[in-house]
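To start, the structure itself, in structure tokens.
The values are calculated or read from the model by the stated rules, or taken from the named source; none is laboratory data. Remember, predicted model here, so these are calculated numbers, not experimental data. Cβ atoms come from the backbone with ideal geometry, glycine included; neighbour counts cover every protein chain shown.
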Amino acid sequence: MEMYKKILIAILLCFGGKAIAQPSQYTPMTANGYQMKRVKVDSTLHIPSFCGVPTLRGSTSSMGALAIDTCNNKLYKYNTEFEWTEVGSSDFIDTIFRRSDSVFAKKNGITLFQFKDSVGGGGPGTTPTLQEVLTAGSTVTSNNIITGTTTTRIRQLGSGIKSASLSIDTTQIALVNQSTNTNNSFLWLNPNTAQLSAKSNALDQTNYVGNGLSSILQFTRIPSTSRSLGVDVNGPFMQSNAGQFYFPLTLGTTGQILKLTSPTQLAWADDSSGGSSIDTTSLSNRIDSKIDSLKRSSDSVYAYKNGQWNFQFKDSVGGGSSVANDTAKVVIAKVHNATGTTLQRGEVVYLSGANGDVASVKRANNKQDSTSSKTFGIVRRNIAAGDTGYITTQGQIEKLNLGAFTSGDILWLDSIDGQFTNVVPVAPYHSVFLGVVERANNGNGLMYVKPQNGYELGELHDVQINGKVNNQILVYSDTQKVWKNRSAYTVIDTTKLQQKSLPAYSIMGNNTNAAANPTAQIFKQFGNQTYSDSITFTGTLNPSGAINHSFRWSQIGNLVTLHLTLTFASNGTISQVGIEIPDGLPIPILPTGLIANNDIICYGTGFMVSTTTGVSTVFSKVFLRQNTGLTNDYEIVINQGIASTYRIMNATIQYFAQ
Amino acid sequence: MIHIRQKLDLTNKVGNIIAYSVVYTKDWTLPLEQHPSIVEHPENFEIVDEEIPAHAQTLIYNN
């Protein structure tokens with residue numbers, strides 16, 4: 001095996017050494033008609049052919065080559081720089097050559113200067129004109145100039161103003177910015193009529209608004225056809241078709257003014273009297289308030305009228321004058337009517353906002369804070385809805401309907417929108433003072449206006465009200481320095497006010513030897529009542545006839561005070577009377593050791609007399625004792641010691657109840 | 001109920017209540033005709049058999 005390998009290597013070396021040693025040479029082909037693979041040579045040379053762009057095979061890419069596209073009838077050449085390119089392409093110029101210091105190109109039989117070489121100095125050729133460039137078919141894809149058979153257009157397609165173009169043809173010049181013009185309108189100058197118009201479609205004259213005048217320079221609003229302004233370049237007017245407005249372009253004479261000489265025409269006219277000028281005579285007659293003269297004295301300006309100088313105003317120097325009357329009498333304000341209806345003269349308005357640099361107003365009423373607290377003034381003249389007008393905020397206002405009032409009436413804002421009343425509003429209606437009636441008259445009423453808006457309690461500077469509810473009171477916060485609303489029961493120490501109401505027949509008192517919460521104590525007090533309980537006399541004859549018995553009593557704590565009077569028409573002969581304590585009186589408490597029947601509990605005062613005016617000369621002993629024989633168990637006894645004639649008995653006694 | 005009463009005094013009767021006095025005889029055991037009030041002052045007292053009105057006043061006859 002090893003031997004075969006050596007034999008094979010020897011054979012390969014022999015062939016390789018022969019190939020390297022053999023010199024390069026061409027073998028003459030003396031006969032006609034030789035053919036190699038893809039090349040035929042006879043009377044002509046047949047080069048390699050393809051259908052389409054040729055391709056290379058093998059390692060001949062470093063060499064030049066030719067091939068033919070038989071499908072498209074094109075001859076291709078090949079080199080390593082450009083590879084396959086078509087011989088004679090229309091993209092190429094036919095030839096380029098240098099003459100003197102310039103380079104020229106020739107194509108289709110035309111020689112064109114291209115550029116100067118580095119030596120400079122120029123040659124017989126010149127810089128081509130724009131026309132030459134255009135004629136040669138030059139185009140520019142960026143800032144291009146495009147020519148056509150009927151239109152020459154200059155348009156910018158790059159950055160900046162895009163799609164803006166100037167189009168020129170035989171009948172018109174159009175200027176348009178197509179990128180911002182949504183309806184494709186453009187400015188159009190008709191070279192034939194010198195008319196400048198706006199149109200809605202490029203190069204379309206159907207929307208042109210003709211005016212019938214050949215020499216009118218006309219501006220038309222697009223797309224509307226009802227608005228245009230034209231200038232008659234040969235005539236005296238500038239014309240508008242909206243209302244046929246004519247403005248004279250020709251100059252007038254010195255001193256003339258423009259005057260509306262007809263409903264549709266302005267014309268130059270004299271400004272002096274007569275003719276079509278201003279009637280200054282009648283104007284002067286209408287101005288009857290003109291002053292005769294003005295003068296400045298000291299720091300004030302005076303006007304002379306009807307033989308008298310009257311102070312008008314102070315100049316900028318100021319300083320005052322002894323005769324000065326520089327106080328404004330009426331303050332008015334320009335306002336905007338923010339309601340949907342006309343504000344009538346005399347209606348009351350409040351500030352509601354602003355519109356167009358003017359304060360807005362609406363009709364005021366006193367039903368809530370929002371429509372009353374910003375009451376501003378009284379309407380001076382009718383103000384249409386959405387319009388502006390004037391109101392009086394302070395001072396006299398006249399020609400009001402005040403026939404329902406009396407001179408001197410104080411006027412207040414009413415609950416009806418825009419109205420006033422002479423009745424003082426009562427809370428919860430808001431009291432807004434408006435002014436006073438100076439003259440009560442319908443149509444010629446006179447009112448002095450000075451609105452004064454009232455304040456809510458919570459609007460005061462040192463009051464802070466939040467969430468008002470029943471049974472709240474105002475309390476002062478020393479830390480916040482304001483009055484605040486608080487529940488009465490959270491502010492007051494209810495532990496010291498144990499009850500808001502007292503039990504029947506009681507007062508609150510402290511029945512202890514130290515400070516303490518008061519407790520309910522008995523308190524009773526009764527007026528005069530008829531006495532009808534048991535009476536027992538001791539003697540030989542009872543007082544008799546008509547009787548008039550009464551008593552009254554009271555109780556504070558346990559102490560009972562009883563005052564009792566018995567009167568009879570006729571005297572009796574008695575030494576003592578026992579009077580049962582009236583029904584309803586508290587039961588006396590019995591002192592220690594005095595608990596037996598008939599034991600005297602306590603003494604009082606009293607008497608028995610025979611006349612209403614007589615003074616008793618006998619000492620009466622009055623006491624309270626227990627008498628279990630009576631229904632009420634206790635009686636008051638008046639004892640005189642010896643019997644005498646009496647018909648009036650009186651006793652007052654105090655005792656402690658159980 | 002039979003009892004001794006002080007004869008009615010009609011002074012100022014019109015429009016007013018007239019006092020009605022009954023002589024206390026609870027402890028008297030003899031006939032009422034023998035009671036000192038009848039014996040000594042028959043011009044002032046009398047024995048009647050009528051109902052004693054409410055709130056009648058009492059006289060403890062004691063001479």
* To do: Among the residues of the stretch A:543-565, count how many are touching a Phe, Trp or Tyr at 6+ places or on another chain (Cβ under 7 Å), assigned to a strand (DSSP E or B) and facing chain B (nearest Cβ under 9 Å).
  => 3
* When the stretch B:25-36 is examined, which residues are found to be crowded, with 16+ Cβ neighbours inside 10 Å and either within 8 Å of another protein chain (Cβ to nearest Cβ) or among the charged types (D, E, K, R) (or both)? -> none
* Residues satisfying the stated conditions in the stretch B:51-63, i.e. facing chain A (nearest Cβ under 8 Å) and either among the charged types (D, E, K, R) or touching a Leu at 6+ places or on another chain (Cβ under 8 Å) (or both) -> B:59
* To do: From the list A:406, A:421, pick out the single residue that is over 16 Å from residue A:361 (Cα atoms) and free of Cβ contacts under 8 Å to residues at least 12 places away in the same chain.
  => A:421
* residue A:32 vs. criteria surrounded by fewer than 10 Cβ atoms within 10 Å (Cβ to Cβ) and either under 60 Å from the mean Cα position of the chain (by Cα) or at pLDDT below 80 (or both) -> yes
* Any idea which of (1) closer than 25 Å to residue A:341 by Cα; (2) modelled with pLDDT of 95 or more; (3) not acidic (Asp, Glu) is the one residue A:410 doesn't satisfy? -> (1)
* Filtered residues of the stretch A:566-587 (kept if more than 14 Å from chain B (Cβ to nearest Cβ) and surrounded by 21 or more Cβ atoms within 10 Å (Cβ to Cβ)) -> A:581
* Asked: For the stretch A:34-57, what are the residues that are hydrophobic (A, V, I, L, M, F, W, C) and farther than 25 Å from residue A:83 by Cβ?
  -> A:41
* **Residue that is farthest from residue A:631 (Cα to Cα) [pool: residues in the stretch A:517-542 that are among the β-branched types (Val, Ile, Thr) and more than 14 Å from every other protein chain (Cβ to nearest Cβ)]** => A:519
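From the list B:22, B:39, B:14, B:48, exactly one residue is exposed (fewer than 10 other Cβ atoms within 10 Å of the Cβ) and more than 7 Å from chain A (Cβ to nearest Cβ). Which is it?
Working: B:22 fails: exposed (fewer than 10 other Cβ atoms within 10 Å of the Cβ); B:39 fails: exposed (fewer than 10 other Cβ atoms within 10 Å of the Cβ); B:48 fails: exposed (fewer than 10 other Cβ atoms within 10 Å of the Cβ).
Going through B:22, B:39, B:14, B:48 in turn, just one is exposed (fewer than 10 other Cβ atoms within 10 Å of the Cβ) and more than 7 Å from chain A (Cβ to nearest Cβ): B:14.
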* Structure fact -> Scanning the stretch B:15-47 residue by residue, those within 28 Å of residue A:583 (Cβ to Cβ) and of a type outside the set (Ser, Thr, Tyr) turn out to be B:15, B:16, B:17, B:18, B:19, B:22, B:23, B:26, B:27
* Structure fact -> Across (1) modelled with pLDDT of 95 or more; (2) closer than 30 Å to residue A:355 by Cβ, residue A:437 clears everything bar (2)
* Structure fact -> Reported set for the stretch A:601-638 where residues are surrounded by 17 or more Cβ atoms within 10 Å (Cβ to Cβ) and either within 60 Å of the chain's Cα centre (by Cα) or under 23 Å from residue A:541 (Cα atoms) (or both) is A:606, A:607, A:608, A:609, A:620, A:622, A:623, A:627, A:635, A:636, A:637, A:638
